Amino acid sequence: MSSTQGGGLPPRSNAARGAKPAEAPPVRRSAGGSGGSGGNGGGRRPAGQKKKSGAKRFWTFFVIFLILLIAAAGLYFAWVYQKSQSIGTGGEPAKPADTQPIAMALLGTDFRTETGSHLTDVVMVAALNPNTDTATVVSLPRDTRIELEGYKVRKVNAYYPAFLAQEKKGEGEAKEAMQRMLGKYFDIPLDYVTVVNFESLRDIVDALGGIEVDVTMDMCYKDTADGTNIDLTAGLQKLDGKSALDYVRYRKTNCTPPTAPSDDFSRNQRQQQVIGAIMDKVQSFNALTKSGSLIDAVAHNTETDLENKQILNLVRTYWDIPKENIRFPKVSGTWNSPFVYINDGELSAAKQALKDELAGNHRAAAAEASP
């Protein structure tokens, strides 16, 4: 697998955080309280309480990796190909994405150099079919319990750091191991896996010169251990890259006065809000002139085994795919500490939807609206 840090992957397989609190609560400079709305309370949900659907998060990271390449579509295709050399690998794709269906895993990691954490906050599998100009995307809640033959029972977001630990011992390549595990879990062959660091969000926003966001609530959290310094006030404002990343990362407060906490599902909604603001700016005419810095921002935070030509195939084929052509099978679950137990019926339906997509049998569902 190619990485912007160098190195490579063996041939891909076709088989199947918390944070250390500050010792003394910091005093917030502004006197705002919880302010606004958008937080859904702190702490965990009681055992047996149903969580919201975790399936409608497609744009969160898939957009960062793929849709940003849209900015360079059309007359920019040849130029994109040249730039994509810093993201993809060499060689010819076994299944050209412009003529054959492919399936890929996308992992969004919240890596911080201060702590070395590699937990995957976003775990998605997408099947894309160029013959029908459709896609099916399944997203798993980060705390999903995975029980799979040959693997230790873990939360889905804990597998990648575990595989990284094995990689350091010379026991295989982490991304390929994650690809095999998810392929077995969903019972489909995964052609590719891409890992995007959450830090790319900051770099992308800065490359765009900032974005307009209606911040839903006051937020304050500080942690000297990992350098976190979140201090945001509710309301419409222009956010730079750091502030945008703070906005989507915020979970709880340790400030005086305190701000309202936020659960993972509110966090996912804020991710979508920020990505929507990024998309609006990327698709503006002025953003086209910044395509180089945008793609560089992605490249600096992305590892993938997609070949350079395959990236171009994906851009050329899916850059204008209508949102209504993207299916988001519902995958919800029940929280019972420390796991989310996925609804078996919904999981089975999601697996079948991925298989149907690859077979050219895409079926839109009224209940599966795009985010």
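Test of understanding: among V248, V215, which residue is farther than 29 Å from Y159 by Cβ and crowded, with 18+ Cβ neighbours inside 10 Å? Walk me through it before giving the result.
Values: V248 fails: farther than 29 Å from Y159 by Cβ.
Going through V248, V215 in turn, the sole match is V215.
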Report every pair of residues separated by at least 6 positions or lying on different chains whose Cβ atoms are under 7 Å apart, first residue within the range 248-272 and at negative phi and in a helix (DSSP H, G or I), second of a type in the set (V, I, T) and modelled with pLDDT under 80.
N268/T60; Q271/T60; Q272/T60
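Would you confirm, using the coordinates I've provided, whether L312 is touching a helix residue (DSSP H, G or I) at 6+ places or on another chain (Cβ under 9 Å), at pLDDT below 80 and aliphatic (A, V, I, L, M)? Give the steps one after another, and end with the answer.
On the way: touching a helix residue (DSSP H, G or I) at 6+ places or on another chain (Cβ under 9 Å): yes; at pLDDT below 80: no; aliphatic (A, V, I, L, M): yes.
For L312, the condition - touching a helix residue (DSSP H, G or I) at 6+ places or on another chain (Cβ under 9 Å), at pLDDT below 80 and aliphatic (A, V, I, L, M) - is not met.
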Could you list all residues from the range 330-357 that are part of a helix (DSSP H, G or I), buried (at least 19 other Cβ atoms within 10 Å of the Cβ) and of a type in the set (A, V, I, L, M)?
L347, A350, A353, L354
Just need a number here: residues in the range 261-281 that are more than 23 Å from L294 (Cβ to Cβ) and surrounded by fewer than 22 Cβ atoms within 10 Å (Cβ to Cβ).
7
Any hit, the range 195-206, residues being touching a helix residue (DSSP H, G or I) at 6+ places or on another chain (Cβ under 6 Å), in a helix (DSSP H, G or I) and over 18 Å from E303 (Cα atoms)
yes
So how many residues does the range 309-326 have that are outside any loop (DSSP other than H, G, I, E, B) and under 19 Å from Q100 (Cβ atoms)?
12
Output the residues belonging to the range 97-151 that are at positive phi and at pLDDT 90 or above.
D133, G150
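Considering only the range 158-181, state which residues are closer than 15 Å to T304 by Cβ and either of a type outside the set (F, W, Y) or part of a loop (DSSP other than H, G, I, E, B) (or both). I'd like the intermediate steps shown before the answer.
Taking the range 158-181 and keeping what is closer than 15 Å to T304 by Cβ, we get 160, 173-176, 178-179.
Listed by number, the residues that qualify are E173, A174, K175, E176, M178, Q179.
The values are calculated or read from the model by the stated rules, or taken from the named source; none is laboratory data. This structure is a prediction, so every number in the text was calculated from the model and none was measured. Methodologically, a virtual Cβ is constructed for each residue, glycine included, from the backbone with ideal geometry; neighbour enumeration extends over all protein chains shown.
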